[in-house]
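Trainee: I am attaching a structure below and will ask some questions about it afterwards.
Bear in mind that the values in this text are calculations on the coordinates, not laboratory data. If you're wondering where the values come from, they're calculated on a predicted model, not measured in any experiment. We place every Cβ from the backbone using ideal geometry, glycine too, and count neighbours over all the protein chains shown.
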Ligand SMILES: [Mn+2]
């Protein structure tokens with residue numbers, strides 16, 4: 001049986017009976033991969049900081065009136081190791097992650113991945129795509145990540161969605177919060193039919209002028225089975241300073257919850273990752289925000305289950 005973490009270090013500090021691999025419907029997989037850093041580093045410490053902060057997250061969700069963790073069980077796997085002497089990097093690391101996620105999918109688990117840099121996301125997306133050929137991707141991010149390569153590496157965090165677009169139809173990708181982009185990415189988006197919701201358009205009220213619940217437009221563009229990849233730099237730096245490339249004019253908590261809550265109601269969220277958290281020592285609120293985000297996505301994903 002796969003090795004799991006116990007109450008001292010698992011997600012939400014759950015007692016054994018609610019955190020066993022065999023019975024848990026949700027599995028948290030820490031993936032502390034950090035290889036391509038462009039500005040600030042530290043994403044390898046993201047999973048640990050999130051798990052540590054999750055001890056202080058309430059089991060009960062007041063909005064959904066439920067203690068999801070007791071209803072469905074949440075097991076936390078030991079963090080994937082990418083080696084010390086001879087490190088697994090780039091393609092080799094991605095294959096390693098994909099195989100792990102595939103085994104979780106075969107055991108019918110809902111997979112919640114804690115990164116690590118954004119590069120890792122193409123691995124679970126490839127694994128889920130094998131199971132769900134209609135899979136669509138909802139990407140929360142400040143950056144499109146469609147550069148063909150960055151700093152000479154095709155497996156850079158800045159190129160992750162370009163890698164995804166090599167096996168999954170890019171028109172099945174919806175991005176929200178984008179506000180820093182290279183021209184080649186803008187061209188890719190237009191040519192490949194990606195749906196991109198730019199932060200400046202959202203802030204200017206482009207969508208709310210037409211629709212009260214503009215989130216529904218996002219959800220309508222997604223297929224039945226949806227994977228969420230959540231780069232924490234999507235959030236405004238005021239609530240999320242702990243990331244390598246913080247960009248101004250970011251998104252906030254409440255509007256984000258609106259999107260995911262409505263998504264969980266209408267579509268099947270199959271799994272998610274949260275990446276690019278680079279914890280700042282002594283600054284707790286960003287770690288807490290991400291722990292809450294992880295549990296909120298789980299709650300919304302299981303609304304109907
Ligand atoms: Mn990203």
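Trainee: Pick from 157, 254, 285: which residue has the top mean-square fluctuation in a GNM of the chain where Cα pairs under 10 Å get a spring?
Mentor: With Cα springs under 10 Å in the chain, the top fluctuation among 157, 254, 285 is at 254.
Trainee: Per DSSP H run of at least 4 residues, take -39500 (n - 2.57); add these up for the chain, divide by its residues and hand me the 222 nm value, nearest 500 deg cm²/dmol. Don't jump to the answer; show the numbers that get you there.
Mentor: On the way: 10 runs with 98 residues, N = 305.
Per the formula, -9500 deg cm²/dmol.
Trainee: Here is a follow-up. Suppose R0 equals 30 Å; then what is the FRET efficiency for residue 103 and residue 303 from their Cβ-Cβ distance, rounded to the nearest 0.05? Numbers along the way, then the final one.
Mentor: Numbers: r = 27 Å, r/R0 = 0.89.
My answer for the efficiency is 0.65.
Trainee: Would you please state which residues of the stretch 200-214 a label at residue 266 would reach in this model, taking the label point 7 Å out along Cα→Cβ and a backbone N cut-off of under 20 Å?
Mentor: Inside the label zone: 201-203, 205-214.
Trainee: Rounded to the nearest 5, what is the percent of antiparallel bridges among the DSSP beta bridges in the chain?
Mentor: Values: 3 of 38 bridges.
Beta bridges within the chain, antiparallel portion: roughly 10 percent.
Trainee: Given R₀ = 22 Å, FRET efficiency for residue 95-residue 154 by Cβ-Cβ distance, to 0.05? List each step's numbers first, then the result.
Mentor: On the way: r = 14 Å, r/R0 = 0.65.
Efficiency at R0 = 22 Å is approximately 0.95.
Trainee: Still on this model: What would the Debye formula give as log10 I(q)/I(0) at q = 0.09, 0.10, 0.14, 0.16 Å⁻¹ for the alpha-carbon point model of the chain, no solvent?
Mentor: Here log10 of I(q) over I(0) equals -0.39, -0.49, -1.03, -1.41.
Trainee: Let me ask something additional. Which value in Å does the Kirkwood hydrodynamic radius of the stretch 102-149 take, with 1/r averaged over all unlike C-alpha pairs and then inverted? Write down the numbers at each step before the final one.
Mentor: On the way: mean 1/r = 0.0812 Å⁻¹.
Value: 12.3 Å, from the Cα pair sum.
Trainee: Taking the number of other C-beta atoms within 10 Å as the exposure measure, put 163, 203, 147 in order starting with the fewest. Present the calculation step by step, with values, prior to reporting the outcome.
Mentor: Working: 163 24, 203 12, 147 20.
Neighbour counts put them in this order, fewest first: 203, 147, 163.
Trainee: Still on this model: Please report the relative contact order for the stretch 11-301, taking Cα pairs under 8 Å with a sequence separation of at least 6, and give it as a percent rounded to a whole number. If you can, show how the numbers build up before the last one.
Mentor: Numbers: 589 pairs, mean separation 66.2, N = 291.
Over the stretch 11-301, the number comes to 23 percent.
Trainee: Turning to a different aspect of this structure: If each of residue 191 and residue 8 carries a label point 7 Å out from its Cα toward its Cβ, how far apart are those two points in nm?
Mentor: Placing both labels 7 Å along Cα→Cβ, they lie 5.4 nm apart.
Trainee: Any idea what diffusion coefficient the stretch 1-109 gets from Stokes-Einstein, in µm²/s, Kirkwood Rh on alpha carbon pairs, 10 °C, 1.306 mPa s?
Mentor: Details: Rh = 15.2 Å.
It diffuses with D of about 104 µm²/s by this estimate.
Trainee: Once each part is reduced to its C-alpha centroid, what is the distance from the stretch 55-79 to the stretch 1-49 in angstrom?
Mentor: Rounded to whole Å, the Cα centres lie 14 Å apart.
Trainee: Working out 0.36 nm times the residue gap between residue 48 and residue 288, then minus their Cα-Cα distance, what length gain in nm do you get to one decimal?
Mentor: Full extension from residue 48 to residue 288 adds 85.2 nm.
Trainee: Rank the residues 287, 141 as a footprinting-exposure proxy: fewest other Cβ atoms within 10 Å of their Cβ go first.
Mentor: Details: 287 23, 141 27.
Fewest to most other Cβ atoms nearby, the residues stand as 287, 141.
Trainee: Follow-up. Based on other C-beta atoms within 10 Å, arrange 107, 65 from fewest to most.
Mentor: 65, 107
Trainee: Here's another thing I want to ask about it. Roughly what would the spin-label model give for residue 212 and residue 60, points 7 Å off Cα along C-beta, in nm?
Mentor: Between residue 212 and residue 60, the simple spin-label model gives 3.1 nm.
Trainee: State the Cα centre-to-centre distance between the stretch 104-128 and the stretch 188-264 in whole Å.
Mentor: 21 Å
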